[in-house]
Each structure stands twice: as structure tokens, then as C-alpha cells.
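The values are calculated or read from the model by the stated rules, or taken from the named source; none is laboratory data. Because the structure is predicted, anything quoted here is derived from the model rather than measured. So basically every Cβ, Gly included, is an ideal-geometry build from the backbone, and we count neighbours across all protein chains shown. Just the protein is used for accessible areas: all its heavy atoms, side chains included, with ligands, DNA and RNA removed. Shrake-Rupley method; radii C 1.70, N 1.55, O 1.52, S 1.80 Å.
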Amino acid sequence: MNSFLLRFILPLAIFSSSMVRAQQTTRYNLAELLKDNKFTVPPNQKIVPLSIDTSQGVSVTGIVWLKGVNFSTGSIDVDIRGKDVFQQSFVGIAIHGIDTVTHDDIYFRPFNFQSTDSLRRKHMLQYHSEPDYQWDRLRKEHPLMYESGIIQAPMPNAWFHAHIVVGRDDITVYVNHSATASLKVKKLNNRNDGLVGLWSSALSGDFANLVISNNP
């Protein structure tokens, strides 16, 4: 190999290696985190361990934050289970959070997963940004832009896997290891990092096998 090529390739290899090392991937045993007091639980929010189905899972009502975890861009993988109760089960992940008022949410409506209503089937998966861009404003001003159906939708009461990819400007969601994205949207704010939380509205939702790959 001549000296010119060596001078070009070697710095490129060092740069590529540093980029790989920059991404930090962490697997979380949520039950252990709860036991070790590694969640911030704001007033009127609740988290308890799951004793059935998985020893590593938790059940959440409201929103709880992982202590010491700042997420910017990268990916979040998690197993989620909601309930087949109409307009009562909303489950997902909160990102780039400041507090329970200001955060982005990627969440699911399990009660729509197997609906025979064609419109409800387009409302399975939602992205919104609190407090300025809530779901009802987005549905009114940008219908079906920030919510979608799911290819081969799960059963409403079953565990399913979510793979959420967060870039600087967009968010992409894959369900149950599908190669096809169920939702791809532009972000609705300029926050580039913040807290990560487990999010469930109205009824409790279950979470397990959380993996965060973070690009600091």
C-alpha cells in the first residue's frame, strides 16, 4: 500500500472506530432498577414490579423517569403491554423530557390494534410533544401525519416490541422487529436531549427488556 493511501485510510479507520465507541448501549432490568430506587416517580405517578410473565418487568401508571439517564439521539428498544379497554390504555416511551409537563411521547393505543373500524386502525401509534403539540391538536391540524396503523398489529392484551430510532430531526418506529417502519415523523421541538421515561396514561401499562443505545 503506498504512503498516500495509508495517510488517507488510517485516519478514516480511527474516525470510524471512534464513532462506533461513541454510541453507548445499556440493557436495563427494570425490576432491579425499581428495587435499587433508580426511578424518579413524580407525585400521582406509580410504578410497581411485575410478578407475572417476567421478573424483569414493571407496571407503570403515569410517567416515571430513569435516574441518571440523559438521552439524545440513538435508539430505544422495549417490550410493552397495554390493555384492551377502549380509550383507557395508552402506553409508550417519553423522551427528551424536562418534567411531567414538557416531554415528547411515542405511544400506542392497544384498544385499536384489532379494531374493525378502519379509522381507529389508523390511530394505533402516536407521536406528540407536550405541552404544545398534543394529540388532539395534531389530529385536527395534521390528520394522520403524526399517528398511524401498525403492519400486522399485535393482539391488544399481548406483549409487543417497539424499536424507536431518534435522530436530530426525526423519529422512526418499528413494531415487533418488522423491517418496515410503522411511523416516521419530524420532531416537533428543538430539544436535542433530556430524560427518558416509561409512559402510561389512564390505566397502567407493563414494560420489560429496555435497551437504550445513546449517541451522546
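Conditions (1) of a type in the set (V, I, T); (2) closer than 24 Å to A31 by Cβ; (3) in contact with a helix residue (DSSP H, G or I) (Cβ under 8 Å, 6 or more places away or on another chain), marked per residue:
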residue	(1), (2), (3)
T73	yes, no, no
D77	no, yes, no
Q87	no, no, yes
A94	no, yes, no
V101	yes, no, no
F108	no, yes, no
F111	no, no, no
T116	yes, no, no
Answer from P131, P156 - the residue that is on the phi < 0 side of the Ramachandran plot and in contact with a Pro (Cβ under 6 Å, 6 or more places away or on another chain): P156
Single match in V41, V64 (criterion: over 22 Å from A158 (Cβ atoms), open to solvent by 60 Å² or more (accessible area, probe 1.4 Å), of a type in the set (A, V, I, L, M) and modelled with pLDDT of 95 or more): V41
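From the set of residues in the stretch 173-197 that are of a type in the set (K, R) and more than 17 Å from N70 (Cα to Cα), which is least open to solvent (accessible area, probe 1.4 Å)?
We begin by selecting, within the stretch 173-197, every residue of a type in the set (K, R); these are 184, 186-187, 191.
Going one step further and asking which of them are more than 17 Å from N70 (Cα to Cα), we end up with 184, 186-187.
Numbers: K184: 140, K186: 127, K187: 27 Å².
Checked the stretch 173-197; the qualifying residue least open to solvent (accessible area, probe 1.4 Å) is K187.
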Unmet criterion (only one of (1) open to solvent by 40 Å² or more (accessible area, probe 1.4 Å); (2) at pLDDT below 95) for T54: (1)
Residues (among the acidic types (D, E), part of a helix (DSSP H, G or I) and more than 19 Å from T100 (Cβ to Cβ)) located in the stretch 123-157: E141
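Just name the residue that is least open to solvent (accessible area, probe 1.4 Å) out of those in the stretch 67-91 that are in a strand (DSSP E or B) and hydroxyl-bearing (S, T, Y).
From the stretch 67-91, those in a strand (DSSP E or B) are 67-71, 73-81, 89-91; that's our starting set.
Still in the list and also hydroxyl-bearing (S, T, Y): 73, 75, 89.
Values: T73: 16, S75: 18, S89: 0 Å².
Among them, the one singled out is S89.
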Selection from the stretch 92-116 of residues that are touching a residue at least 60 places away in the same chain (Cβ under 8 Å) and not in a loop (DSSP other than H, G, I, E, B): G92, I93, A94, I95, H96, G97, H103, D104, D105, I106, Y107
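Do the conditions hold for D170, that is, is it free of Cβ contacts under 8 Å to residues at least 12 places away in the same chain and either over 20 Å from K83 (Cβ atoms) or open to solvent by 70 Å² or more (accessible area, probe 1.4 Å) (or both)?
Numbers: free of Cβ contacts under 8 Å to residues at least 12 places away in the same chain: no; either over 20 Å from K83 (Cβ atoms) or open to solvent by 70 Å² or more (accessible area, probe 1.4 Å) (or both): yes.
No, not satisfied.
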